[in-house]
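Novice: Okay, handing you the structure first.
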Amino acid sequence: MLKIAFRPEFIHPVKEGHRFPMLKYELIPLQLKHEGIANDRNFFSPELASFETCCLVHDPHYIEQLFDLTLDAKMVRRIGFPLSKSLVDRERYILDGTIQAARYAQQYGVAFTIAGGTHHAGYDFGEGFCLMNDQATAAGYLLEQKLAQRILIIDLDVHQGNGTAHIFKGHPQVFTFSMHGEKNYPFIKQRSYLDIGLADHIADVDYLRILEENLVVLFSHIRPDFVFYQAGVDILATDKLGKLNLSPRTCGIRDELVFSTCRHYHVPVQVSMGGGYSPQIKDIVNAHCQTFKIAIDLYNL
Ligand SMILES: [Zn+2]
């Protein structure tokens, strides 16, 4: 059964300049339904993550300031959005969505969150349009509930998962893998368990080879019992922020490599969308929907 976390609050009305990247959260569910990939029964509606849940991997003082909207101006600037209750609530819904999707993944092999992949949020800060880190929080939840013992976070967004790395640096049970554009934001990178910083305009064939080699090593060494996959599509050549130059087809093979490796090792995987900033919205939506299609085919959902 295909399970997808979504609710209308994911499509947050933000100021004009930032509306574009949010539009995809409105269009992905529509496209999935339009193509007959998903119907209403596949979607579930998350609730607001509690204060305690938000503190699973974040500093309680930071979370308190988010909830009270008392975060100082410098910290708000680092996030990049004007702070509002609706924005904080939006991320609380996403956090719960990713936690529930992780539970569904344990049942069905794979499950999705529309939105999420807020990997720039660290232990005590938000950054790069991320307030709280959804996949890190869900990892914290699985550990706390003793639903997983060894978690691998695969982050293939073009931007380094610096917040996730910050949260789990040296953690004995959560292993962070980020493969990203070396010259892309963030310019000061955190250290993940494994970082692969790629040169601009890397050839598609080299990208896929490096990914495959590292997935094999990671899975055989770590032997994870749960995987979170941040499937950002800002690796595309059309992306206006990403410095990689990859084709939609390569983006699909990338997804297939991740899913087939998870299946090979019988490890459930939760998928969050991550970034995507191609000027043509259809490039973004098609690449995200492709991730769903590949999973559906592989898992016979
Ligand atoms: Zn990104």
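The values are calculated or read from the model by the stated rules, or taken from the named source; none is laboratory data. From a predicted model like this one, the values you see are computed outputs, not experimental measurements. As a convention, Cβ positions derive from the backbone with ideal geometry for all residues, glycine included, and neighbour counts pool all protein chains shown. Ligands, DNA and RNA are excluded from the accessible area calculation, which covers all protein heavy atoms including side chains. Shrake-Rupley method; radii C 1.70, N 1.55, O 1.52, S 1.80 Å.
Novice: Just the number, please: carbon plus sulfur as a percent of the accessible area of the chain, 1.4 Å probe, no ligands or DNA/RNA counted. Could the numbers behind the result be given before it?
Specialist: Values: 6410 of 12310 Å².
Carbon and sulfur: 52 percent of the exposed surface of the chain.
Novice: Can you tell me how much longer the chain between Tyr123 and Glu35 gets when fully stretched, taken as 0.36 nm per residue apart minus their C-alpha distance, in nm with one decimal?
Specialist: That works out to 27.8 nm of additional length.
Novice: What list of ³J(HN,Hα) values in whole Hz, one per residue of region 107-118 in order, does the Karplus curve 6.51 cos²θ - 1.76 cosθ + 1.60 (θ = phi - 60°) give from phi, with Gly and Pro shown as x?
Specialist: 8, 10, x, 8, 7, 10, 10, 6, 6, x, x, 7
Novice: Can you flag which of Lys3/Lys33; Lys3/Lys24; Lys169/Lys189; Lys33/Lys243; Lys24/Lys74; Lys3/Lys85 are past 24 Å Cα-Cα?
Specialist: Violating the 24 Å limit, Cα to Cα: Lys33/Lys243; Lys24/Lys74; Lys3/Lys85.
Novice: Short version: ³J(HN,Hα) in whole Hz for each residue of region 268-283, in order, from phi by Karplus 6.51 cos²θ - 1.76 cosθ + 1.60 (θ = phi - 60°), x for Gly and Pro, what are they?
Specialist: 3J(HN,Hα) across region 268-283, in whole Hz: x, 9, 9, 10, 10, 6, x, x, x, 9, 5, x, 8, 4, 5, 4.
Novice: Please compute P(r) over all alpha-carbon pairs of region 63-119, binned at 10 Å starting from zero, and give each bin as a whole-number percent.
Specialist: For region 63-119, the binned pair fractions read 21, 43, 23, 12, 1 percent.
Novice: For every other residue with a beta carbon closer than 14 angstrom to the beta carbon of Arg150, add +1 if it is Lys or Arg and -1 if Asp or Glu, then tell me the sum. List each step's numbers first, then the result.
Specialist: Numbers: positive: Lys146, Arg223; negative: Asp225.
Summing Lys and Arg as +1 and Asp and Glu as -1 gives +1.
Novice: Using the per-residue mean of other Cβ atoms lying within 10 Å as a proxy for protection, in what order, highest first, do the peptides 169-175, 258-264, 231-237, 114-120 fall? Show your work: numbers first, answer last.
Specialist: Values: 169-175: 15.3, 258-264: 18.9, 231-237: 26.6, 114-120: 28.7.
Averaged packing, sorted descending, gives the order 114-120, 231-237, 258-264, 169-175.
Novice: Rg over Rh of region 108-254, using C-alpha atoms and the Kirkwood radius, what does it come to?
Specialist: We get a ratio of 0.94 for region 108-254.
Novice: Using only the Cα atoms of region 1-124, build the gyration tensor, take square roots of its eigenvalues as a ≥ b ≥ c, and label the shape rounded, prolate or oblate: rounded if a/c is under 1.5, else prolate if a/b is larger than b/c, else oblate.
Specialist: Judged from the Cα gyration tensor, region 1-124 comes out oblate (a/c at least 1.5, b/c at or above a/b).
Novice: Of Leu71, Gln31, Ala148, whose Cα points farthest to the positive end of the dipole of the chain (charges on the beta-carbon: +1 Lys, Arg; -1 Asp, Glu; origin at the Cα centre)?
Specialist: The residue sitting most towards the positive pole is Gln31.
Novice: Rounded to the nearest 500, what is the chain's calculated 222 nm mean residue ellipticity when only DSSP H runs of at least 4 contribute -39500 (n - 2.57) each, over all residues?
Specialist: My calculation for the chain gives -14500 deg cm²/dmol from helical runs alone.
Novice: If you count, for each residue, the other Cβ atoms within 10 Å and average over each peptide, how do 185-198, 45-58, 66-79 line up from highest to lowest?
Specialist: Descending mean neighbour count gives 45-58, 185-198, 66-79.
Novice: Largest first and in whole Å, what are the equivalent-ellipsoid semi-axes of region 62-170 based on the Cα gyration tensor, each being the root of 5 times an eigenvalue?
Specialist: So the three semi-axes of region 62-170 are 24, 15, 13 Å.
Novice: Going by average Cβ neighbours within 10 Å, how do the peptides 238-246, 215-223, 277-285 rank, with the highest at the top?
Specialist: Result, highest mean first: 238-246, 277-285, 215-223.
Novice: Using the heavy atoms of the protein chains alone and a 1.4 angstrom probe, what is the accessible area of the chain per residue in square angstrom?
Specialist: Working: 12310 Å² over 301 residues.
Computed with neighbouring chains in place, this is 41 Å² per residue.
Novice: Distances over 18 Å make up what percent of all Cα-Cα pairs in region 220-290?
Specialist: 40
Novice: Let me ask something additional. Could you tally the net charge around Ala105, taking each other residue with its Cβ under 13 Å from the Cβ of Ala105, Lys/Arg +1 and Asp/Glu -1?
Specialist: +2
Novice: Shape verdict for the chain, please, from the Cα gyration tensor: rounded (a/c under 1.5), prolate (a/b greater than b/c) or oblate.
Specialist: Verdict is rounded for the chain.
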